[in-house]
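Working notes, beginning with the structure itself.
The values are calculated or read from the model by the stated rules, or taken from the named source; none is laboratory data. Note that the structure is a prediction, hence the values are computed from the model and not measured. For neighbour counting, all protein chains shown are included, and Cβ atoms are generated from backbone atoms with ideal geometry for every residue, glycine included. Keep in mind that these areas ignore ligands, DNA and RNA; they rest on the heavy atoms of the full protein, side chains included. Shrake-Rupley method; radii C 1.70, N 1.55, O 1.52, S 1.80 Å.
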Amino acid sequence: MIRATGLRKLYGDARARRAALDGVDFSVEPGDFVAVLGPSGSGKSTLLAILGGLDRDYEGRLEIFGSELRGLGDAALARLRGARIGFIFQAFHLLSHLSVIDNVLAPSLFAEGAGDLRLRALALLDRVGLVDRRDDPPTELSGGQRQRVSIARALLRKPDLVLCDEPTGNLDAETGERIVDLFRELHVEEKLTLVAVTHEERLARAATRTVRLRAGKIDGGEA
Amino acid sequence: MRLGALSTLIRRDLRRTRGALVTSGFGIAAGTAALVFFLALGLGVRAVLLGEVFPIDQIELEPPKQGDPGLLGLLVGSGGPPGIGEGSVRDLAMVPGVLSVDPRLRFAFPSSGRGGKEIFGHDVGTSELLGDGIEPSLTRGESFGSIAFEDPLTHPGAACADDGGCAAPQYCERPSDAAAGACSDPVPVLVSRYLVEIFDKSIAPAHGLPPIGETLVGRAQGVTFALRLGESLLGRAKSGEPRTVRARVAGVSRRAVDLGITLPLSVVRRWNREYAGAGAADSFSSVVVRAKDASAIGLALERGKALGLEPHDTRARDVSVLITGVMALLSLVAAVILVVSASNIAYTFRVLVSERRAEIALYRAVGATGADMRAWMLGLAAAVGLVGGAAGLVIARALALLTDEIAARKLPDFPFKPASFFAFPPWLWAAGLGFAALFAALGAFRPARRASRVEPAAALSGS
């Protein structure tokens with residue numbers, strides 16, 4: 001599903017260059033639940049952004065769903081992201097001017113030929129226990145509820161791969177635990193392929209595979 | 001992106017960013033209102049001036065005016081101006097875009113008129129009366145009631161020696177060198193709307209006469225008056241004996257000469273021959289060229305110049321240039337307002353894109369292309385432009401109505417005073433909206449490009 005070879009990402013100008021990723025080799029197979037662990041600044045989020053095609057300024061080779069990412073144009077990459085990749089962010093990135101249901105339906109605006117996704121959005125909200133809050137603005141929800149809305153949004157178009165960036169980072173321990181349980185359920189029941197970057201061990205424990213990053217490099221192989 | 005999705009995004013934005021967008025739209029509305037108001041004013045004034053007062057789609061060509069004949073010329077006669085032959089008329093008719101070439105033959109003799117008791121209560125007269133003749137066929141399509149605009153001698157009456165031998169209103173048409181004549185119906189006469197306007201707004205008030213008014217011209221139709229041929233206040237014709245004939249007002253015609261009366265061509269030919277000789281009867285004194293537009297008139301002018309003819313009156317061209325210049329100037333002012341509004345839009349959208357970097361990045365993450373984001377911003381700007389433009393059109397129309405109302409009440413009557421000074425053709429509405437949307441979209445062009453280039457990873461991480 002994902003084959004990354006010698007991924008390298010540099011920040012800064014010529015005088016003060018810093019490698020956020022420094023020769024990372026990484027792969028994900030269908031059905032994997034991979035946790036990428038590492039301290040802050042280790043390059044986890046950078047890796048995730050590159051894997052999701054959100055950051056194309058990298059060196060190395062990256063193949064997703066059989067296509068070399070660098071060979072895709074903007075429109076093709078956008079189509080690939082919309083149809084096959086779901087994103088979950090630490091900061092949720094819900095749109096405060098929209099209701100919960102409209103936030104979940106946001107990807108449908110750019111889904112040509114996907115048909116009416118409203119029923120699926122309602123089913124997903126039911127799945128995450130928020131169907132009765134569908135008309136509320138996200139500002140009236142708790143952190144955990146917001147993250148569940150963003151999970152529903154990520155799953156709307158039945159993606160092959162879900163990329164999660166510190167999904168429990170803004171949540172308290174108990175709420176975070178519930179989100180981890182939800183990921184575990186989705187992975188087992190929906191056969192979702194998940195890649196989650198985190199610095200929390202509890203999420204790593206739910207994963208089927210963990211990768212540790214330190215200073216932009218894979219640290220000590222995979223577990 | 002589907003059109004439905006684009007309209008969803010725009011509708012949501014119009015709701016949530018109402019304040020900032022209304023401010024931007026206000027400038028667009030003001031610019032559109034100014035542009036449409038000025039253009040409508042220009043078009044309205046142009047329609048009156050160039051359509052009725054100085055028609056731009058027609059020009060009268062004539063041989064060059066002769067210079068000062070000098071004392072000798074006055075004493076022995078200058079021989080009269082050279083005429084325009086049938087060949088020149090045919091030549092001009094071949095010019096592309098020319099619709100018709102109407103030859104005219106002016107009176108080559110002094111004349112005066114008296115009559116009008118039926119409408120004025122007493123006879124009024126002119127000590128000098130100008131006139132010309134045209135082919136009756138040129139008035140085809142115009143209605144003069146029961147009066148036919150044709151030479152009365154087409155159907156001559158009984159032979160006569162004087163008017164006493166004819167039953168009224170007929171008169172005895174007997175040339176001064178002929179022993180006998182024929183009873184003739186009064187000669188049909190056409191007048192121009194221009195003459196009616198001048199009479200109503202200038203002559204009638206000055207002499208305490210009632211205005212005729214275009215609608216009252218019908219009352220004057222059929223009124224007969226005496227026409228004195230070969231003699232006027234300024235003198236007598238060099239040949240022929242002065243005599244009086246009867247004429248009858250047939251109606252108002254676009255083909256009539258502006259200041260004077262227009263008769264059937266063969267009548268003027270006959271009288272010119274009687275009072276000024278064959279030379280004044282066999283050729284035309286001018287031709288009126290009507291064309292589909294001003295550019296065709298330009299071609300006709302060139303051809304006329306080659307034939308040795310020059311325009312009788314260049315006021316139409318002068319007025320056209322003046323109006324075009326004024327319209328251009330006023331439109332420039334309006335365009336400046338629109339440009340300022342566009343820069344206001346640019347500022348608003350620059351702020352909008354900066355504030356929405358994360359939102360744009362999120363949309364990019366869930367499947368939007370850079371082009372989708374550009375279309376979103378341009379669509380939003382165009383929507384603001386359309387709404388502002390529509391408001392501007394309403395403002396312009398309301399201002400025009402108000403101006404017309406004030407003009408109707410406050411401005412004194414003057415010739416050709418129109419009911420409305422404005423013209424709002426359908427294309428002007430469409431152009432107003434189009435310009436509003438265009439300028440708004442132009443203002444948002446750079447911000448929209450920035451929106452399409454937002455780096456999703458950086459924006460989502462907050463850097």
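Built from the Cα atoms of the protein assembly as shown, the convex hull projects on average onto 46.4 nm², one quarter of its surface area. Here region A:1-145 is treated as a sphere whose radius is the Kirkwood value from Cα pairs; by Stokes-Einstein at 10 °C and 1.306 mPa s it diffuses with a coefficient of 90 µm²/s. Taking the DSSP bridge list for region B:109-276 and keeping only pairs wholly inside it, about 70 percent are antiparallel.
Name the aspartates and glutamates eligible as straight-distance cross-link partners of A:Lys158: C-alpha to C-alpha under 18 Å, and not fewer than 8 places from it in the same chain. Qualifying aspartates and glutamates at Cα under 18 Å: A:Glu29, A:Asp32, A:Asp102, A:Glu112, A:Asp116, A:Asp126, A:Glu185, A:Glu189, A:Glu190.
Given R₀ = 45 Å, FRET efficiency for A:Ala123-A:Arg56 by Cβ-Cβ distance, to 0.05?
Between A:Ala123 and A:Arg56 the formula returns 0.85.
Amide H contacts of A:Asp22: A:Lys9, A:Lys217, each under 5 Å away and 5 or more positions distant or on a separate chain (H built 1.01 Å from N in the peptide plane; Pro and chain starts excluded). Ranked from largest to smallest solvent-accessible area, with a 1.4 Å probe on the protein heavy atoms, B:Tyr347, B:Tyr171 come out as B:Tyr347, B:Tyr171.
Take each peptide in B:260-266, A:116-122, count the other Cβ atoms within 10 Å of every residue, and average; sorted highest first, the result is B:260-266, A:116-122. Between chain A and chain B, the total buried accessible area stands at approximately 2100 Å², from heavy atoms with a 1.4 Å probe. In sequence order, region A:56-71 has phi-based couplings of 10, 8, 9, 10, x, 10, 9, 10, 10, 6, x, 10, 6, 4, 5, x Hz under the Karplus curve 6.51 cos²θ - 1.76 cosθ + 1.60, θ = phi - 60°, and Gly or Pro positions carry x.
Working from Cα pairs under 8 Å separated by at least six residues, relative contact order for region B:109-276 is 34 percent. Ranking B:Val249, B:His155, B:Gly389 by how far each Cα lies toward the positive end of the dipole of chain B (charges on Cβ) leaves B:Gly389 at the top. Using a 1.4 angstrom probe on protein heavy atoms only, which residues from region A:34-82 are buried by at least 40 Å² of accessible area when all chains are present rather than their own chain alone? Correct list: A:Leu54, A:Asp74, A:Ala78, A:Arg81.
Each semi-axis of the equivalent ellipsoid for region B:109-276 is √(5λ) with λ an eigenvalue of the Cα gyration tensor; in descending order they amount to 25, 18, 16 Å.
A prolate overall shape is assigned to chain B, the ratio a/c of its alpha-carbon gyration tensor axes (a ≥ b ≥ c) being 1.5 or greater and a/b exceeding b/c. Annotation: amide H-H contacts under 5 Å for B:Glu310 (H modelled 1.01 Å from N, sequence separation of 5 or more, or interchain): B:Glu62. Put simply, the amide H of A:Val162, placed in the peptide plane, has neighbours under 5 Å in A:Gly86, A:Thr193, A:Leu194, A:Val195, leaving out anything fewer than 5 places away on its chain.
Seen from B:Val124, the other residues with C-beta closer than 10 Å to its C-beta sum to a net charge of +1, counting Lys and Arg as +1 and Asp and Glu as -1.
Shielding by partners for peptide B:454-461, expressed as the average number of C-beta atoms from other protein chains within 10 Å of each residue's C-beta, is 6. Heavy atoms of the protein chains alone define the surface here; on that basis chain B has 48 Å² accessible area per residue at 1.4 Å probe size. The helix-only estimate of mean residue ellipticity at 222 nm for chain B, built from DSSP H runs of length n ≥ 4 each weighted as -39500 (n - 2.57), is -16000 deg cm²/dmol after division by the residue total. Converting phi to 3J(HN,Hα) with the Karplus coefficients 6.51, -1.76 and 1.60 and the offset θ = phi - 60°, region A:203-219 yields 6, 4, 5, 7, 6, 8, 8, 10, 10, 10, 10, 9, 6, x, 10, 5, 9 Hz in sequence order, with x at every glycine or proline.
Approximating the spin labels as points 7 Å out from Cα along Cα→Cβ, the B:Glu302-to-B:Lys117 distance works out to 5.8 nm. Any chance you could give the angle, 0 to 90 degrees and rounded to 10, that helix A:74-84 forms with the longest Cα principal axis of chain A? Approximately 60 degrees, to the nearest 10.
Summing Lys, Arg as +1 and Asp, Glu as -1, what charge do residues with Cβ under 13 Å from the Cβ of B:Arg356 carry, B:Arg356 excluded?
Charge balance in the 13 Å sphere: +3.
Rounded to the nearest Hz, the phi-derived 3J(HN,Hα) couplings of region B:192-206 under the Karplus curve 6.51 cos²θ - 1.76 cosθ + 1.60 (θ = phi - 60°) are 8, 5, 4, 5, 4, 4, 4, 4, 5, 8, 10, 6, 4, x, 5, where x marks glycine and proline.
Take each residue in A:99-111, count the other chain C-beta atoms within 10 Å of its C-beta, and the mean is 4. Taking a ≥ b ≥ c as the square roots of the Cα gyration tensor eigenvalues, region A:42-110 comes out oblate, since a/c reaches at least 1.5 and a/b does not exceed b/c.
Probing with 1.4 Å while keeping every protein chain in the model, the per residue accessible area of chain A equals 43 Å².
Contact order for chain B, expressed relative to its length and based on alpha carbon pairs under 8 Å spaced 6+ residues apart, stands at 29 percent.
Mean separation of Cα pairs under 8 Å and 6 or more residues apart, divided by the residue count, gives chain A a relative contact order of 31 percent. When the alpha carbon coordinates of region B:317-433 are projected onto the principal axes, the ranges are 70, 28, 23 Å, largest first.
Taking a straight Cα-Cα cut-off under 27 Å and skipping sequence neighbours fewer than 8 places away in the same chain, the lysines within cross-link reach of B:Lys292 are B:Lys305, B:Lys417. Other protein chain C-beta atoms within 10 Å of residue C-beta, averaged over B:366-379: 5.
Need one number: % antiparallel among DSSP beta bridges in the protein assembly as shown, to the nearest 5. For the protein assembly as shown, the DSSP antiparallel bridge percentage is about 65. For the peptides B:11-19, B:295-303, the ranking by packing is B:295-303, B:11-19, with the highest mean count of neighbouring Cβ atoms within 10 Å listed first. Placing a label point 7 Å from the Cα of A:Thr5 along the Cα-to-Cβ direction, the residues of region A:18-42 whose backbone N falls under 14 Å of that point are A:24-27. Seen against the Cα atoms of chain B and their longest principal axis, helix B:426-443 is set at about 30 degrees.
When the Cα positions of A:Phe92, B:Val287, B:Gly87 are compared along the charge dipole of the protein assembly as shown, A:Phe92 comes out farthest toward the positive end, with charges on each C-beta of Lys, Arg, Asp and Glu.
Placing +1 on each Lys and Arg Cβ and -1 on each Asp and Glu Cβ, with no other charges, gives the protein assembly as shown a dipole about its Cα centre of roughly 1940 debye.
Checking the a/c ratio against 1.5 first, then a/b against b/c, what shape does the Cα gyration tensor give for region A:166-214?
Oblate, since a/c reaches 1.5 and b/c is not below a/b.
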